[in-house]
1. Suppose the filter is at pLDDT below 95 and among the polar types (S, T, N, Q); does SER158 pass it?
2. Just checking, which of VAL330, VAL317, VAL302, VAL322 is farther than 15 Å from PHE273 by Cα and buried (at least 20 other Cβ atoms within 10 Å of the Cβ)?
3. For the condition over 28 Å from the mean Cα position of the chain (by Cα) and open to solvent by less than 30 Å² (accessible area, probe 1.4 Å), what is the one hit in MET62, MET15?
4. Look at region 244-274 and say how many of its residues are over 18 Å from GLY104 (Cα atoms) and either free of Cβ contacts under 8 Å to residues at least 40 places away in the same chain or of a type in the set (Val, Ile, Thr) (or both).
5. Could you check region 280-354 for helices (runs of 4 or more DSSP H) lying wholly inside it with 1 or more residues that are in contact with a helix residue (DSSP H, G or I) (Cβ under 7 Å, 6 or more places away or on another chain) and closer than 19 Å to ASN254 by Cα?
6. Here is a list of conditions, (1) touching a helix residue (DSSP H, G or I) at 6+ places or on another chain (Cβ under 6 Å); (2) farther than 25 Å from ALA458 by Cβ, and ILE397 meets all of them except one; can you say which number that is?
7. Any idea which of (1) out of contact with any Ser or Thr (no Cβ under 6 Å at 6 or more places or on another chain); (2) assigned to a strand (DSSP E or B) is the one PHE365 doesn't satisfy?
Amino acid sequence: MSNLTSVIKSIQDIMRQDSGVDGDAQRISQLTWLLFLKVFDALEEELELTRDAYHSPIPEPMRWRHWAADVEGMTGDALLDFVDNQLFVVLKNLSADPLRNPRGYVVRSVFEDAYNCMKSGHLLRQVVNKINGIDFNRQSERHQFNDLYEKILKDLQSAGNAGEFYTPRAVTQFMVDICNPRLGEVVLDPATGTGGFLVCAIEHLRKQVRNIADEVMLQSSIRGVEKKHLPHILCVTNLLLHGIEVPSQIVHDNALMRPLRDYTTADRVDLVFTNPPFGGMEECDGYPADLRTKETADLFLVLIKHILKPGGRAALVLPDGVLFGEGAKVRIKEQLLAECNLHTIVRLPHGVFAPYTGIKTNLLFFTKGSPTTHVWYYEHLYPPGVKNYSKTQPIRIQEFDQEKAWWGNEADGFAARVENDHAWKVGIDAIRAAHYNLDQKNPHVDKTACYDPDTLLADYARLQAEAQTLRNQLKDILSQSLASA
């Protein structure tokens with residue numbers, strides 16, 4: 001099959017004819033569990049060829065090859081009855097745990113919140129047959145499958161699933177390249193989404209694999225947590241396609257719900273890459289009282305600082321709103337700068353995350369174990385001739401060549417770095433004096449007001465979004481006050 005995207009589109013067109021499928025979210029939900037089973041079965045074929053004693057965790061009648069692979073197999077009411085009353089019942093109740101049956105644990109975790117929403121067994125058979133046309137044992141189609149994620153996330157966004165956004169590959173690649181994961185280091189994304197950062201880390205680490213022992217080390221070094229069901233399935237499938245044989249350490253859970261005191265030495269990691277959801281609201285009873293806030297981006301900053309090993313490194317995407325603010329925001333940044341070396345903030349221009357959000361974002365890089373003495377800022381500029389990024393003109397990895405050339409080495413305190421028109425340094429005393437406001441402007445830029453319409457509209461949208469966040473927080477405070485009155 002040469003065009004996987006068109007196959008997926010035809011599958012969604014078939015689903016639109018089904019009375020049980022209502023909207024993009026259900027179509028994607030249906031598609032993800034079917035794709036997972038097809039991918040899982042394709043990878044089992046490889047394992048059966050390479051491992052004499054391989055035994056599937058899925059009972060034989062429930063394996064894709066048994067009920068789905070025959071294009072003239074079960075259909076109509078018989079297929080619906082099988083899927084609803086046998087397949088899902090068995091997969092949701094597999095006897096499995098991460099240690100004794102990790103593959104079974106992966107399957108059960110994928111299906112714990114999945115369900116079949118199609119009402120026509122004939123249409124379901126058509127969908128299954130379309131999926132059968134995809135050969136996931138071909139490397140070319142595995143890579144094509146990865147290209148579908150942006151479209152799937154865009155569909156989720158239009159379906160009203162707020163907070164799902166696609167981190168451009170150029171951004172994830174730059175962050176991983178700069179942090180340079182090494183074999184033996186444990187990598188975590190606590191807000192994994194569909195696994196973009198983890199895939200970049202896997203590809204980076206696999207270049208260092210020289211023997212079977214190295215590959216075993218790689219297999220055990222990738223961890224993730226994802227709160228939502230659909231991104232979790234997509235992440236697990238993505239990692240399977242990138243050679244992680246048992247992605248049992250991709251947990252379907254909410255990383256912010258675990259009290260900080262519950263983390264042990266075994267939970268500490270060497271590297272964190274993430275683009276956490278921001279603008280959301282979470283309770284945080286397991287966090288210190290003076291750091292409690294409902295803003296998810298702030299909470300993830302607390303979590304990441306806590307979970308890193310001494311000497312551990314982090315690279316994360318955060319909106320401008322995290323850099324400034326009062327109350328718990330100030331205390332969170334004060335602790336971060338006292339316990340970690342926040343050595344670099346890359347300020348991204350508008351449009352990097354278009355069309356998902358217009359909020360201006362930053363890339364923060366820090367290392368745990370020594371306090372911050374100064375923060376370097378680097379203003380990422382649009383390439384010549386570009387006024388804004390878009391879906392058809394996204395940010396490209398080549399644009400980060402200037403940052404890479406300027407970056408230097410943390411081991412010598414980035415001694416090679418120099419200030420220029422888009423790079424500057426701010427000392428810790430100035431940051432303290434600014435009440436830990438990290439939203440430090442480029443001192444080399446002319447202060448003349450900008451009247452470019454695109455810039456003004458983008459600034460207006462950002463201010464509107466920040467104002468709405470403040471209104472929501474005020475509403476919550478008032479509601480709590482009235483409830484306790």
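1. The answer is yes for SER158.
2. Details: VAL330 fails: buried (at least 20 other Cβ atoms within 10 Å of the Cβ); VAL317 fails: farther than 15 Å from PHE273 by Cα; VAL302 fails: farther than 15 Å from PHE273 by Cα.
That would be VAL322, the only listed residue that is farther than 15 Å from PHE273 by Cα and buried (at least 20 other Cβ atoms within 10 Å of the Cβ).
3. MET62
4. Residues meeting the conditions: 12.
5. Filter on region 280-354 gives 296-307.
6. (2)
7. (1)
Residue-by-condition table, conditions (1) free of Cβ contacts under 8 Å to residues at least 60 places away in the same chain; (2) touching a Lys or Arg at 6+ places or on another chain (Cβ under 7 Å); (3) surrounded by 13 or more Cβ atoms within 10 Å (Cβ to Cβ); (4) among the basic types (Lys, Arg):
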site: ILE345; (1), (2), (3), (4): no, no, yes, no
site: PRO349; (1), (2), (3), (4): yes, no, yes, no
site: GLU379; (1), (2), (3), (4): no, yes, yes, no
site: SER390; (1), (2), (3), (4): yes, no, no, no
site: GLN393; (1), (2), (3), (4): yes, no, yes, no
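The values are calculated or read from the model by the stated rules, or taken from the named source; none is laboratory data. Computed from a prediction, not measured in an experiment: that's the story for all the values here. Every residue, glycine among them, receives a Cβ derived from its backbone with ideal geometry; neighbour counts consider all protein chains shown. Side chains included, ligands, DNA and RNA excluded: accessible areas come from the protein's heavy atoms. Shrake-Rupley method; radii C 1.70, N 1.55, O 1.52, S 1.80 Å.
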